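Presented below is the structure to which this report refers.
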Amino acid sequence: MSADRARHVFVDDSSTDAPAVEGARVVLIMATYEQWTCANKAAQAPKEWVRFSGPDGTYEHELIFGSTIFTPDHVFSLCVSHPDHEPYEYQMVYEKTPRAEKNGTKFLNFYLRRKSTGEQKGGK
């Protein structure tokens, strides 16, 4: 969604409170033992890790968290970008994610900060 301030919020339902951003690129990176960041790895992400938001600004990616699948060494990064907005990165270490964010089905809303007119046209 487009907003004055970049942020993310976990919510229980998919309702939105800001204008949708169609065509945002969402990349999920799962890494171990090396620091992957959006700046150095999102462009190289495998096709199955990349989602684009639809006309309503939503994307879908199901990910099951469980101790038999992931270890405390796993780092998850979500990289969200759009040509008219500043990129946003959400990163968490599996073992340090609060339990409230792990339990049940959650929706993760991203609020992207719109670039200034000069930035969109290649200015400073």
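Taken together, the residues in the range 109-124 that are at pLDDT 80 or above, within 11 Å of residue 83 (Cα to Cα) and not in a strand (DSSP E or B) amount to 1. Collect the residues in the range 1-31 that are in contact (Cβ under 8 Å) with a residue 24 or more places away in the chain, among the charged types (D, E, K, R), within 12 Å of residue 109 (Cβ to Cβ) and out of contact with any Gly (no Cβ under 9 Å at 6 or more places or on another chain), keeping them in residue-number order. Residues satisfying the conditions are 7, 13.
Out of all the residues in the range 28-42, is one or more modelled with pLDDT of 80 or more and surrounded by 13 or more Cβ atoms within 10 Å (Cβ to Cβ)? Scanning the range 28-42, I find at least one residue that is modelled with pLDDT of 80 or more and surrounded by 13 or more Cβ atoms within 10 Å (Cβ to Cβ), so the answer is yes.
Looking only at the range 83-101, decide whether some residue is at pLDDT below 75, part of a loop (DSSP other than H, G, I, E, B) and of a type in the set (A, V, I, L, M, F, W, C). So far as the range 83-101 goes, no, none of its residues is at pLDDT below 75, part of a loop (DSSP other than H, G, I, E, B) and of a type in the set (A, V, I, L, M, F, W, C).
The values are calculated or read from the model by the stated rules, or taken from the named source; none is laboratory data. Predicted, not measured: the structure shown is a model, and the values here were computed from it. As a convention, Cβ positions derive from the backbone with ideal geometry for all residues, glycine included, and neighbour counts pool all protein chains shown.
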